[in-house]
Amino acid sequence: QVQLVESGGGLVQAGGSLRLSCAASGRTFSSYAVGWFRQAPGKERKFVAAVNWSGGKTNYANSVTGRFTISRDNAKNTVYLQMNSLKPEDTAVYSCAAGSSIGNWPRVTYNYWGQGTQVTVSS
């Protein structure tokens, strides 16, 4: 059982940066893969990035590769999403989720979700 809380969202100008945090409760947090997803107004939720249980493997959507970096600090029960060179198209509610890859990374089944944090990028 894991509870996730996102933070760090806000308003930023195009080209700027934000770092999102996903804080988790539960002593088994370090065993979970964690992903970031986003949902823009009027659009479906999309995958953004994921990191495996140890932080040694990552996966990114093509739209954010080279601009976003996912990382984790298991000692702090926190996963981060560093977002650089932000574009208006990145505007969305960003949510983190925890799950298991079941041995077939980068496929992950997500079981736990946070409520999301709003990221708005102005043009």
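Coordinate-derived values only; no laboratory data. Small disclaimer: the values here were computed from a predicted structure and weren't measured. Neighbour counts are summed over all protein chains in view; Cβ atoms, including those assigned to glycine, are modelled from backbone coordinates with ideal geometry.
So here's what we get for this one:
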item: Volume per residue of the C-alpha convex hull in the stretch 39-86, rounded to whole Å³; result: 94
item: Cβ-derived FRET efficiency at R0 30 Å, residue 104 paired with residue 7, nearest 0.05; result: 0.45
item: Computed over the stretch 22-64, Cα set: Rg, Dmax in Å; result: 12.3, 37
item: Lysine-lysine proximity count for the chain, Cα under 26 Å, sequence distance 8 or more or distinct chains; result: 5
item: Principal axis dimensions, largest first and in whole angstrom, of the stretch 8-123 by Cα; result: 40, 25, 24
